[in-house]
Amino acid sequence: MATNVATSDGSGRGWLRETFSFPHPVNEYAARSVAAMVVVLALAIVLFDVRWLLFVLAYGFLARVLTGPSLSPMGMLATKLIAPKLLKRNRAVAGPPKRFAQTVGLVFSVTAVVLAYGFGLVGAAYAVVGVLIFFAALEAFVGFCTGCFVFGYLMRWGVIPDDVCERCNNIQYAEEAIAAFEAEQAQKQATS
């Protein structure tokens with residue numbers, strides 16, 4: 001028997017549904033902070049030949065795809081400490097493209113695990129991780145999310161239906177979402 005625990009806002013939304021959801025909008029600086037942590041972890045895997053960390057890398061992407069930052073240590077660190085307290089910056093961006101980018105990262109990291117542990121192809125696994133490092137570094141240090149870029153084209157081509165992110169291109173919604181996001185962040189900072 002499943003229980004439905006009400007949230008603090010009284011919406012009645014269950015903890016399971018709340019845990020397994022992806023935020024929309026997302027703080028761009030938190031996403032970039034996660035990408036920077038991915039770069040550091042992936043570099044450690046390759047440079048120090050610490051293959052078992054491939055599982056940690058894959059878990060992080062899986063957790064972020066399924067739950068956003070809720071079950072991801074990197075996600076929690078980025079959303080609770082780095083972006084709001086250290087960087088003190090907020091920039092709301094659409095969530096679905098970021099989730100797509102995390103899914104691509106999941107595919108790459110699982111591929112690396114399978115190559116290294118399933119086929120013993122450590123060099124090939126590290127090559128895949130190298131590609132992941134490149135694209136995570138683009139997001140972390142340049143602010144270019146390749147997965148988000150591809151997501152936009154997939155929507156334009158009709159591969160991803162418009163209703164997946166119907167609000168992504170709605171400027172009025174974007175302005176409303178940014179205002180709501182900033183108000184939420186201000187409220188969180190006031191209570192912490």
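Every number here is computed from the coordinates shown, using simple stated rules; none is lab data. Remember, it's a predicted structure, so these values are computed and weren't measured experimentally. Note that we place each Cβ from the backbone using ideal geometry, even for glycine, and neighbour counts take in every protein chain shown.
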With an 8 Å Cα cut-off and a minimum separation of 6 or more residues, compute the relative contact order for the range 10-152 in percent. 33
Measuring from a point 7 Å past the Cα of Ala183 along Cα-to-C-beta, which residues in the range 84-102 have an amide N at less than 13 Å? none
Taking θ as phi - 60°, what are the ³J(HN,Hα) couplings along the range 59-67 by the Karplus curve (6.51, -1.76, 1.60), each to the nearest whole Hz, with x for Gly and Pro? 4, x, 5, 4, 4, 6, 5, 7, 10
A chain fully extended from Arg89 to Trp52 at 0.36 nm per residue, minus the present Cα-Cα distance, gains in nm 9.9 nm
Dimensions of the range 23-181 along principal axes (Cα, Å, largest first)? 51, 39, 26
Residue by residue through the range 133-140, what is 3J(HN,Hα) from phi via Karplus (6.51 cos²θ - 1.76 cosθ + 1.60, θ = phi - 60°)? Round to whole Hz and write x for glycine and proline. 4, 4, 6, 5, 5, 4, 5, 5
Where the only charges are on Cβ atoms (+1 Lys, Arg; -1 Asp, Glu), what is the dipole of the range 23-181 about its Cα centre, to the nearest 20 debye? 400
Please list 3J(HN,Hα) in residue order for the range 102-113, calculated via the Karplus relation 6.51 cos²θ - 1.76 cosθ + 1.60 where θ = phi - 60°; whole Hz, with x for glycine and proline. 5, 5, 4, x, 4, 4, 5, 5, 5, 4, 5, 4
